Structure formats: structure tokens, C-alpha cells
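Asks: Provided herewith is a single structure, encoded as C-alpha cells, for subsequent inquiry.
Please treat every number below as a calculation from the coordinates, not as lab data. Here the structure is a predicted model, which is why all the values come from computation and not from measurement. Note that each Cβ is placed from the backbone with ideal geometry, even for glycine, and that neighbours are counted across all protein chains shown.
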Amino acid sequence: MNRFLILAALVAYAYCCPQSSIDMACALMQKVHAGTLHLATRHPSGVNDLAFAMNNMQDMCNGHEAHRSHYTCSECPSPGAPGGTVCLSHNLLAYLTALVAKGPVIVNELAGACHSCNSRHYRGEAVDLHNDARSAEYLHTCTAMGGWGQNEGNHIHCQFTD
């Protein structure tokens, strides 16, 4: 009986995200390999876990949920980032796809790192982008696609509600 439950849990974990989101994540990974999309392989905090932006996208492309970080920070001292996993939202992936179609993009965070306790990052609905010459475009595109964006100084935050 225990083997059956474990197998059922693994199957549920492996195929919980919509196929369209998995396909978009794989297309975005192709952009990484082409050099037009850079996904961070570390957190600004220096905490080392499986929830870097690169890992998040690779998890999704592999048909798994993206890992979330699990540690505390000044923005969320208790209980801290929730850990576990989450599907990256269709709207979020469509937003990244639209940006990459117009030029190179650097993603700092997706579902990982520690943010405010109720952050949409933990729901797979937010992204932090490197603040560069395209920041106004990032914000405009975020709003045009139904999201809410904010220039937070060292990065552009865009979030959606799916």
C-alpha cells in the first residue's frame, strides 16, 4: 500500500502543471541556450537552494513544479519563504515570452528567494527582472498584459493574478 501511495504522489507531482505552461517553459529554455534569456543561478541573499530562476524554468520544462526557497529575511521574518513547489503561471510565462521576442532579458527571480510574506512569487505569478535600459518597456508590457509592475530600484517586479 505504501508503494502505491508513493507512486501516486510522484505521478501527481510530475504532471500537475498545465501542458501549455510546460511547453512555454521549454521554449524559454531554448532562448536560454540561444543566449537571449539569462536566468539567474544564485539569489541576491547568497542563500544556496534549488529555487534559482534557472532551476525554476528547468523544473517546469521537465514537467515538474518549480521549487520555492525556504528561509527567512527582513521582508518576511516569520514564517519566511514557504518552501515547497509551485507551477509558474501561464500569464507569467507568456509575459517572459513576449519580452524575449523583443530582445535579451535577465531574470533575477521567479518562485525562489525570500520576499514579502504574501508575495505572488510564492504563487508562481511574479518575476523580478534586471533593471536595465528596457525597464520602461518591461513595466508597460506587464500592464498591457494584465499585470501590475513596479520599479523597485535594483529590479523590475511584475506580477499577475491567474
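Asks: Round to the nearest 0.05 the FRET efficiency obtained for N62 and D162 when R0 = 30 Å and r is the Cβ-Cβ distance.
Replies: 0.90
Asks: Report Rg(Cα)/(2.2 N^0.38 Å) for the chain, keeping two decimals. Don't skip to the end; give the middle numbers.
Replies: Details: Rg = 15.5 Å, N = 162, 2.2 N^0.38 = 15.2 Å.
Its radius of gyration relative to the 2.2 N^0.38 Å reference: 1.02.
Asks: Right, something else. Note down the magnitude of the dipole of the chain about its Cα centre, charges +1 on Lys and Arg C-beta and -1 on Asp and Glu C-beta and zero elsewhere, to the nearest 20 debye.
Replies: Charge dipole, the chain, about its Cα centre: 200 debye, nearest 20.
Asks: With each run of n ≥ 4 DSSP H residues scored as -39500 (n - 2.57), what mean residue ellipticity at 222 nm is computed for the chain after dividing by its residue count and rounding to the nearest 500 deg cm²/dmol?
Replies: Calculated from helices alone, the mean residue ellipticity at 222 nm is -11500 deg cm²/dmol.
Asks: In addition: Pulled fully out, how much extra length does the chain show between R42 and C16, if you take 0.36 nm times their separation in residues and subtract their Cα-Cα distance?
Replies: Full extension of this stretch gives 6.8 nm more.
Asks: Can you list the cysteines of the chain that have no other Cys Cβ under 4.7 Å away?
Replies: Singleton cysteines: C16.
Asks: Let me ask something additional. What trypsin sites (Lys or Arg not before Pro) in the stretch 58-156 are in a loop by DSSP, with at most 15 other Cβ atoms within 10 Å of the Cβ?
Replies: K102
Asks: Ranking request for peptides 72-81, 46-55: highest mean number of other beta-carbon atoms within 10 Å first, then the rest in descending order.
Replies: Going from most to least packed, we get 46-55, 72-81.
Asks: Taking the Cβ of each residue in S89, S20, S135 as the centre, tally the other Cβ atoms inside 10 Å and list the residues starting with the fewest.
Replies: Values: S89 23, S20 11, S135 15.
Listed from fewest to most nearby Cβ atoms, that is S20, S135, S89.
Asks: In whole Hz, what ³J(HN,Hα) sequence does the stretch 100-109 give by Karplus (6.51, -1.76, 1.60; θ = phi - 60°), x for Gly and Pro?
Replies: Per-residue couplings from phi come out as 5, 5, 9, x, x, 9, 10, 9, 7, 8 Hz.
Asks: Out of all DSSP beta bridges in the stretch 2-159, what portion is antiparallel? Express it as a percent rounded to 5.
Replies: Of all bridge pairs located within the stretch 2-159, approximately 80 percent are antiparallel.
Asks: Under a plain spin-label model, where a point goes 7 Å from the Cα along Cα-to-Cβ, how far apart in nm are D23 and A144?
Replies: Result: 2.4 nm between the two label points.
Asks: I need I156, I22, I106 ordered by Cβ neighbour count within 10 Å, fewest first.
Replies: Ascending number of Cβ neighbours within 10 Å: I106, I22, I156.
Asks: Using θ = phi - 60° and the Karplus relation 6.51 cos²θ - 1.76 cosθ + 1.60, list the HN-Hα couplings for the stretch 16-26 in order, rounded to whole Hz, with x at every Gly or Pro.
Replies: 8, 7, x, 4, 4, 6, 4, 4, 5, 4, 5
Asks: Right, here's the next one. Which of the listed residues, V107, H33, H43, is farthest toward the dipole's positive end in the stretch 2-159, when Lys, Arg count +1 and Asp, Glu count -1 at the beta-carbon?
Replies: H33
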